Amino acid sequence: MGGEERFVSPPATMKALCVFCGSSPGSDPDFADMARALGTRLAERGIGLVYGGGNVGLMGIVADACLEAGGEVQGVIPEHLLELELAHQGVTKLHVVGSMHERKALMNELADGFISLPGGIGTLEEMFETLTWSQLGIQEKPCGLLDVDGYFSSLREFLDRMVEKRFLLAEHRDLLLVDDEPDRLIDRMQVFERPGPGIEKWVDRHTRAEI
């Protein structure tokens, strides 16, 4: 990878982190164990949890763990999922919104950073949209990937491939912090600073005429 993380004096403690994760528990019990560990540590560190509001899969596990450890949990769920009775009724506050777009916008507003656990297409879509906002300078909140047993190893290799093939700047690749231990990832997120607001998307002006 090309760029390097830039560390600055730690800001005020993050009040809340948004967690993106699967509505399935997955096939590996380590996924549930990591979700449980993350929810617990957020509560113990006094950091609130913002998540998609579901009571199933890793979503339900991380929320339950945070609540059981005395943490504050805010769920954000669209009406159509609420009607399917997937909403967690025990969270500190449940925000019901009209669409998936409103859901992501509100989660961004409520959180001071984002962590992705294993999940499916929806988890990846949420993670990459947030990372794109960071790339474009729309938001400067840290984005973290909590890898579990190499679940994201192929994805990480593909991101490196994008850098190699000149579709992604190394500085943008490094906006995604990756770790396999919750506390260490949170610590890195608290002191991470994006490499400045002036980074451009990749526009290869020098070779455009040759293509």
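The values are calculated or read from the model by the stated rules, or taken from the named source; none is laboratory data. These numbers come from a predicted model, not from an experiment. Glycine also receives a Cβ, built like all others from the backbone with ideal geometry; neighbour counts cover every protein chain displayed.
Of these, 49, 81, 117, which one is surrounded by 17 or more Cβ atoms within 10 Å (Cβ to Cβ) and modelled with pLDDT under 95? Selected residue: 81, the only one of 49, 81, 117 that is surrounded by 17 or more Cβ atoms within 10 Å (Cβ to Cβ) and modelled with pLDDT under 95. Any residue that is in a loop (DSSP other than H, G, I, E, B) and on the phi > 0 side of the Ramachandran plot - is there at least one of those in the stretch 128-137? Yes, that holds for at least one residue. Taking residue 135 as the residue in question, decide whether it is out of contact with any Pro (no Cβ under 6 Å at 6 or more places or on another chain), touching a residue at least 60 places away in the same chain (Cβ under 8 Å) and not hydrophobic (A, V, I, L, M, F, W, C). Judged against the criteria, residue 135 is a match.
May I ask you to verify whether residue 102 is over 23 Å from residue 155 (Cα atoms), surrounded by fewer than 19 Cβ atoms within 10 Å (Cβ to Cβ) and among the acidic types (Asp, Glu)?
So residue 102 fits the description; yes.
Evaluation of residue 161 against the conditions (1) more than 15 Å from the chain's Cα centre (by Cα); (2) among the basic types (Lys, Arg); (3) within 22 Å of residue 51 (Cα to Cα) shows that the sole unmet condition is (3).
Of all residues in the stretch 75-93, those satisfying the criterion of being in contact with a strand residue (DSSP E or B) (Cβ under 8 Å, 6 or more places away or on another chain) and closer than 22 Å to residue 37 by Cα are 75, 76, 87, 88, 91, 92, 93. The criterion of being over 24 Å from residue 31 (Cβ atoms) and out of contact with any strand residue (DSSP E or B) (no Cβ under 9 Å at 6 or more places or on another chain) holds for residue 138. Picking from residues in the stretch 150-174 that are more than 28 Å from residue 27 (Cα to Cα) and of a type in the set (Lys, Arg), the one that is surrounded by the fewest Cβ atoms within 10 Å (Cβ to Cβ) is 165.
When we screen 133, 202 for residues that are modelled with pLDDT under 95, among the aromatic types (Phe, Trp, Tyr) and over 20 Å from the mean Cα position of the chain (by Cα), the only hit is 202.
Every listed requirement among (1) closer than 21 Å to residue 175 by Cα; (2) free of Cβ contacts under 8 Å to residues at least 12 places away in the same chain; (3) among the acidic types (Asp, Glu) is met by residue 83 save one, (1).
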